[in-house]
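Working notes, beginning with the structure itself.
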Amino acid sequence: MNNKVIIFSAPSGAGKSTIVNHLLGLRKDLEFSISATSRAPRGTEQHGVEYYFFSADEFRQMIAEDKFVEYEEVYAGSFYGTLKSEVERIWAKGHAIVFDIDVQGGVNLKRIFGEQALSVFIQAPSVDVLRERLVGRGTDTEEAIERRVAKAASEMEFAAGKFDYVLINDDLATAKAEAEGIIDAFLKE
Ligand code: ADP
Ligand code: 5GP
C-alpha cells in the first residue's frame, strides 16, 4: 500500500520527540508533517520549518475553503491543523508521513486515515518515571510538571484501546528498536 501515515501520540515527557527524531534520522522514506498554526512564532521558529504560520483570519479563510485534513482551536484564538497540501506534498515524494500530535489529534487522524495509518501511543513505564523525566529534561516549572503529570493520567485512560500499538518506553534502546520494528513491518505491508 502506498500513501501511508504514522501517528505518534504520548503524554508530555513519555519520550515521543526522542523516538520520533531517532526514526526520522534513520529512515529517509519518512517525512515529518509540518502543521499550520495561527499562533505567533516562538524564538527561532521559521515558516515552513516548525510550522506554517498564518494569521487567525487567514486560518479561518482556509477553513472556509476546506483546505484542512483536520484542525483544532487548541487555545482560544490559536488554531492548529494539517493542510491537505502538506499531505499531498509528502506523498508526492513517495514518503510516509510522520505526525507528532497530541492524544486527541492522534485519535482523530487515525479515524480519518483508517487502514492507511499506523497509530502509536508512547507511554512511560509509570507516572513516577514520567515525572522524573520531566524533571530531568529541565524545561518545565514544578507546577507545569504536576499539570502535565495529572493530564497524562487522563490521556492514558482516554487512549486505552484507541491506538494500533502501545509502546512502553522503559529502556530507550529497547524502545527505539521496537519502534523501528513496527514501522518496518507497517511500511512493508
Ligand atoms: P516528549 O516529546 O514525549 O515530551 P521527550 O522526548 O522530550 O518527551 O523526553 C522527555 C525526557 O526524557 C527527555 O529529557 C529525554 O531525553 C528523556 N527520555 C526519553 N526516553 C527515555 C528513556 N527511555 N529513559 C530515560 N530517559 C528518557
Ligand atoms: P505548540 O504551540 O506548543 O507548538 O503546540 C500546542 C499544541 O498544538 C500541541 O498539543 C500540539 O500537539 C498541537 N498541535 C500541533 N499541530 C497540530 C495539528 O496539526 N493539529 C492539531 N489538532 N493539533 C496540533
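The values are calculated or read from the model by the stated rules, or taken from the named source; none is laboratory data. Quick caveat: nothing in here was measured; it's all calculated off a predicted structure. Note that each Cβ is placed from the backbone with ideal geometry, even for glycine, and that neighbours are counted across all protein chains shown. For the accessible areas, the whole protein counts, side chains as well, though only heavy atoms, and no ligand, DNA or RNA atoms are used. Shrake-Rupley method; radii C 1.70, N 1.55, O 1.52, S 1.80 Å.
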Starting from the Cα of Glu142, step 7 Å along the direction of its Cβ; do the same at Asp164; then give the gap between the two resulting points in nm.
4.3
HN-Hα J couplings of region 130-146 from phi, Karplus 6.51/-1.76/1.60, θ = phi - 60°, integer Hz, Gly and Pro as x?
4, 4, 4, 5, 5, 5, x, 5, x, 10, 10, 6, 4, 5, 5, 5, 5
Whole-Hz ³J(HN,Hα) for each residue in region 86-96, computed from phi via Karplus 6.51 cos²θ - 1.76 cosθ + 1.60 with θ = phi - 60°, x for glycine and proline: what do you get?
5, 4, 5, 4, 6, 5, 4, 8, x, 9, 8
Residue separation between Asp128 and Lys151 times 0.36 nm, minus their alpha-carbon distance, gives in nm 6.9 nm
Give the accessible area for Asp171 in Å² (nearest 10); use a 1.4 Å probe, count only protein heavy atoms, and leave out ligands, DNA and RNA.
80
Based on alpha-carbon centroids, what's the gap between region 80-133 and region 1-72 in Å, whole number please?
9
With θ set to phi - 60° and the Karplus curve 6.51 cos²θ - 1.76 cosθ + 1.60, what are the ³J(HN,Hα) couplings of region 24-41 in order, to the nearest whole Hz, using x for Gly and Pro?
5, x, 8, 10, 7, 8, 10, 9, 6, 7, 8, 7, 8, 8, 9, 7, 6, x
Whole-percent carbon and sulfur share, accessible surface of region 43-189, 1.4 Å:
51
Any lysines with Cα under 18 Å of the Lys110 Cα? List them, leaving off those in the same chain fewer than 8 positions away.
Lys4, Lys16, Lys84, Lys162
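Send over a whole-number figure in Å² for the accessible area per residue of the chain, probe 1.4 Å. Mind dumping the intermediate values first?
Values: 9960 Å² over 189 residues.
That works out to 53 Å² for each residue.
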Between Thr44 and Ala173, what is the label-point separation in nm under the 7 Å Cα-to-beta-carbon projection?
3.1
Specify the residue with the greatest mean-square fluctuation among Asp100, Asp170, Asp66, computed from a Gaussian network of the chain linking alpha-carbon atoms under 10 Å apart.
Asp66
Out of region 98-177, which trypsin sites (Lys or Arg not before Pro) are coil in DSSP terms and have no more than 16 other C-beta atoms within 10 Å?
Lys162
Test of understanding: what is the full-extension gain from Asp66 to Ile182, defined as 0.36 nm times their sequence separation minus their Cα-Cα distance?
38.4 nm
Summing -39500 (n - 2.57) over the DSSP H runs of n ≥ 4 in the chain and dividing by its residue number, what mean residue ellipticity at 222 nm do you reach, to the nearest 500 deg cm²/dmol?
-14000 deg cm²/dmol
Using the crude model of +1 on Lys and Arg Cβ and -1 on Asp and Glu Cβ, and no other charge, please compute the dipole size for region 60-189 relative to its Cα centre, in debye to 20.
320
